[in-house]
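Undergrad: Structure incoming, see below.
Every number here is computed from the coordinates shown, using simple stated rules; none is lab data. The model shown is predicted, which means the values in this text are computed figures rather than measured ones. As a convention, Cβ positions derive from the backbone with ideal geometry for all residues, glycine included, and neighbour counts pool all protein chains shown.
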Amino acid sequence: MFSQLLSAKDRRKVSTSYSSLVSHNRVTLVEAYAKVYHAKFGAEPVEWQYFNQKGKVVFGRDEDLGSSSGIPDAERYWFRLVDPLTGKVNWLFPVPENLVYHTEKPFFHVFNGRSRMWGLLFDNDIEGNAFGQTVKHYLPSSPIATRKTSTKTRPTMFRLRSLRSKNNSTLSVTEASPQPTITPAMISMPRTNSFSHLAHIGLNRDGEVEGSEGVDPSWTRIVTERQNHNPHRSTIMKDIGCFQGFI
């Protein structure tokens, strides 16, 4: 992970550069190491493209400037991505008033931007979960929660493929198709001249048991034994269920 790859010197460098974010009018609320992804609105299935940016994701806010500023409360918050080596801010996302923040997985969070969807793939599940909980705490008016399935709008669940064990640049989210329901209207009548004989067994005109080629000899033996046994009609009617499935 990023934090484990940095030397003590690099950590001090990042800390010094990062301190520039925490000025008199900025407050850091939570941070975690992650990669940034983006995807088009309305794409089915959703394909997450790597934004070629990774590092320390910081969630914070500007200090309250008073109601006279005219800035909505939600828009005081922001996400920033800090390079772990240089300490520079490589990505800045001011939180819009209508932000919808979904926790798809503890390690993958999704939220909407103005022109696209954004995704954060965290290095650590625990850090990712804590990050999401903090966002939820500070933006209570925004519909921030784990995505739930609605039978009206989303009949199927989303499944996420983790990229932690892969080096691909695309993160795919696919929908599991529901099991189809078979109705009588879906079953057609047999086509003309489509009958195909497979096998038969029975008595010929001489009363002898015979079967077509390919019939297991055991079936011929069973019918022959029944014929030689010459059971009473009541016995036949009692055991007829054994044969009805093969008639």
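Undergrad: Provide the packing ranking of 194-204, 215-225, 31-41, i.e. peptides ordered by the mean count of other C-beta atoms within 10 Å per residue, highest first.
TA: Per-residue mean Cβ counts within 10 Å order the peptides as 31-41, 215-225, 194-204.
Undergrad: In sequence order, what are the phi-derived ³J(HN,Hα) couplings for region 104-110 according to the Karplus relation 6.51 cos²θ - 1.76 cosθ + 1.60 with θ = phi - 60°, rounded to whole Hz, with x for glycine and proline?
TA: Per-residue couplings from phi come out as 5, 9, x, 9, 9, 10, 10 Hz.
Undergrad: Suppose each label sits 7 Å from its Cα in the direction of the beta carbon; what would the SER115-VAL27 distance come out to in nanometres?
TA: Going by the 7 Å Cα→Cβ label model, 3.2 nm.
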